[in-house]
Amino acid sequence: MARAFLVVMDSVGIGGAPDAGAFFNGGIPDTGANTVANIAKARPGGLHLPVLDALGLGAAIRLASGEDAPGLGSLPTGGWGCATEQSPGKDTPTGHWELAGVPVPWEWHHFPDCVPAFPPDVLAAVQEASGAGGTLGNCHASGTDIIARLGAEHMRSGWPICYTSGDSVFQIAAHEDSFGLERLLETCRRVAPVLHGMRVGRVIARPFLGDSAGGFIRTAHRRDYAMPPPAQTLCDWVQGAGGKVHAIGKIGDIFSMQGIDDVVKGDDRELMRHLERAIDNAEPGSLTFANFVEFDSLYGHRRDVEGYARALEWFDREIGKLLKRLGAGDMLLLCADHGNDPTWPGSDHTRERVPLLIAGLGAGRIGQVAFADVGASVAAHLGVPSQGPGRSFLP
C-alpha cells in the first residue's frame, strides 16, 4: 500500500513568480528574486547539490525562471517541475495551506512599518494576558536584533517585547527564566484570538535566554499559534480515509493540529532523523508532512548567502541517504512554500515559484503547475479523494 512523504524546504524558491512585481522588500519589488539560482551565482563554484539536481532541481529552475544555476545542470532522473502560488501572500501558512489543497480566500492583515506599529487594543490585550505593566518594542524588527536591543530592559521591567515583520505575524519575545516560558506561551495563546480576528495569521512566542553581559540567544521553544485553515486540507482528507498523518517540524503549528495525528520537533538535524524514522516505520496509507525551517529562519531572513548554501548542501547529502530507504509504493515529494532570497534587499520572504522534485515514481517532466495541485497529487497517490481545487499531475 502506498505511503507519501511531503517535505517542504522552507523558502527554497526558484524565481519566476509572474506576479513578483506586486510584492516588495524594502520598497524594491521581488521581480528577479531567485533564491537558489542567485545563491549559486553569488558563490564561487556555484552549488554542489548532486542529489537534488539529479531529481531535477536545475531543470526546475530553468523551467520556472529561465535562469541557469551554476553547478546545477544534471539530466533529471526523478519527477520534476515547478509550482506557482495563487493566494495573495508569501508567508508560511499561505504556502503550506495551498500546498495542502486550500488556497487562502482573503488578504492577510499586515502591520504598518512605523512606530508605533500596533493599535492600543492589541497591546492592552497583551498586558492583560501577561499581567505585565506594559510592553516593549511595538515595531517591525529582526528577532535577534530586538532582543539584543531590548533584552536587558525586558529583564528589568518584566514587560514582554512585541514586534512584527513583513509577514502577517505578531511576535512576543520574553526571557524563559525571568519572565517564564509557560507564562509566555499562555500569553500568546490568550491573545491569539484577538489577532486572528484581525486576519493576522500567526501569533508567535519567541523565548530567549542569556543576559546583557554574555548576550541573548533565542531558544528552540518557539511556538506558533496560527489561524486554522479555512477548509479541510490534505491532512483532513487522509485522516478521513483512515490514514495517519505524521507532522515533522512546525507543521502541527501551521495547521493548528487540524488533521494531524502526532508531531515531532527539533532543529533541522533532529528533523532529518525524525524523517528517517518515519520512512522506516510509517504505516501504509499514511502521510508524513515535514518542514525544514532553517533555510528560512537562520539564513534567508538574515541574508546569509554562504550559510544558506551550506545548509542546502547539508540537506542534499542527508536526503540522499534517506532516498535509499524508500520502499515500493513510497513517494517522497520535495517542494517549498515561498522564497527568501538572501541576495535580495530587505529581510522578508520573496515571491517565487517553488521546485517540485519527486522520488519513487520514476523520471518525468511535471511542468508548471499550481500549489494546490501538490495536495491533489499526494491524495491521488494515496488513493484518497481530493476535496480542493487542485488537479493531480501524477500519470
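The values are calculated or read from the model by the stated rules, or taken from the named source; none is laboratory data. Please read these numbers as outputs of a predicted model, since none were measured by experiment. Counting neighbours? That spans all protein chains shown, and the Cβs are built from the backbone with ideal geometry, glycine included. In case anyone asks, the SASA skips ligands and DNA or RNA and just uses the protein heavy atoms, side chains included. Shrake-Rupley method; radii C 1.70, N 1.55, O 1.52, S 1.80 Å.
Just wondering, is there one or more residues in segment 116-127 that are surrounded by 15 or more Cβ atoms within 10 Å (Cβ to Cβ), closer than 24 Å to Asp211 by Cα and among the β-branched types (Val, Ile, Thr)? Checked against the condition, which is being surrounded by 15 or more Cβ atoms within 10 Å (Cβ to Cβ), closer than 24 Å to Asp211 by Cα and among the β-branched types (Val, Ile, Thr), segment 116-127 yields at least one hit.
Quick check on segment 273-290. Is at least one of its residues over 14 Å from the mean Cα position of the chain (by Cα), open to solvent by 60 Å² or more (accessible area, probe 1.4 Å), modelled with pLDDT of 95 or more and under 16 Å from Val8 (Cα atoms)? Yes, segment 273-290 contains at least one residue that is over 14 Å from the mean Cα position of the chain (by Cα), open to solvent by 60 Å² or more (accessible area, probe 1.4 Å), modelled with pLDDT of 95 or more and under 16 Å from Val8 (Cα atoms).
Out of all the residues in segment 328-336, is one or more open to solvent by 10 Å² or more (accessible area, probe 1.4 Å) and not hydroxyl-bearing (Ser, Thr, Tyr)? Lay out the reasoning, then the answer.
First, the residues of segment 328-336 that are open to solvent by 10 Å² or more (accessible area, probe 1.4 Å): 328-329.
Now restrict to residues that are not hydroxyl-bearing (Ser, Thr, Tyr): 328-329.
Yes, there is a match, as at least one residue in segment 328-336 is open to solvent by 10 Å² or more (accessible area, probe 1.4 Å) and not hydroxyl-bearing (Ser, Thr, Tyr).
Checked against the criterion of being over 19 Å from Met9 (Cα atoms), polar (S, T, N, Q) and touching a strand residue (DSSP E or B) at 6+ places or on another chain (Cβ under 9 Å), segment 91-104 contains not a single residue that satisfies it. Within segment 240-258, being open to solvent by less than 30 Å² (accessible area, probe 1.4 Å) and more than 13 Å from Thr288 (Cβ to Cβ) holds for Lys250, Asp253, Ile254, Phe255. Just name the residue that is nearest to Gly143 (Cα to Cα) out of those in segment 360-388 that are in contact with a strand residue (DSSP E or B) (Cβ under 7 Å, 6 or more places away or on another chain) and open to solvent by less than 10 Å² (accessible area, probe 1.4 Å). Only one residue fits best here, namely Phe371. What about Val354, is it β-branched (Val, Ile, Thr), crowded, with 24+ Cβ neighbours inside 10 Å and within 26 Å of Glu98 (Cα to Cα)? Against the criterion (β-branched (Val, Ile, Thr), crowded, with 24+ Cβ neighbours inside 10 Å and within 26 Å of Glu98 (Cα to Cα)), Val354 qualifies.
Could you list, in sequence order, all residues of segment 20-41 that are charged (D, E, K, R) and either within 23 Å of Ile254 (Cβ to Cβ) or touching a Phe, Trp or Tyr at 6+ places or on another chain (Cβ under 6 Å) (or both)?
First pass over segment 20-41, keeping only residues charged (D, E, K, R): 30, 41.
Correct list: Asp30 only.
Of all residues in segment 1-21, exactly one satisfies the criterion of being open to solvent by less than 10 Å² (accessible area, probe 1.4 Å) and of a type in the set (D, E, K, R), namely Asp10.
Taking strands (runs of 3 or more DSSP E) that fall entirely within segment 108-212, which contain at least 1 residues that are in contact (Cβ under 8 Å) with a residue 12 or more places away in the chain and farther than 22 Å from Asp253 by Cβ? In segment 108-212, the matching strands (runs of 3 or more DSSP E) lie at 136-140, 202-211. I'd like to check something: does segment 81-99 contain any residue that is surrounded by 22 or more Cβ atoms within 10 Å (Cβ to Cβ) and farther than 25 Å from Ser386 by Cα? No, because not a single residue in segment 81-99 is surrounded by 22 or more Cβ atoms within 10 Å (Cβ to Cβ) and farther than 25 Å from Ser386 by Cα. Being modelled with pLDDT of 95 or more, open to solvent by 20 Å² or more (accessible area, probe 1.4 Å), of a type in the set (A, V, I, L, M, F, W, C) and under 25 Å from the mean Cα position of the chain (by Cα) holds for only one residue in Leu181, Leu185, and it is Leu181. For beta carbons closer than 8 Å, sequence separation of 6+ or different chains, a first residue in segment 335-356 that is outside any loop (DSSP other than H, G, I, E, B) and a second that is among the small types (Gly, Ala, Ser) and surrounded by fewer than 24 Cβ atoms within 10 Å (Cβ to Cβ), the qualifying pairs are Thr350/Ala20. Would you call Arg391 outside any loop (DSSP other than H, G, I, E, B), open to solvent by 40 Å² or more (accessible area, probe 1.4 Å) and not hydrophobic (A, V, I, L, M, F, W, C)? No. Residues in segment 27-53 that are in a loop (DSSP other than H, G, I, E, B) and in contact with a Ser or Thr (Cβ under 8 Å, 6 or more places away or on another chain): Asp30, Ala33, Asn34.
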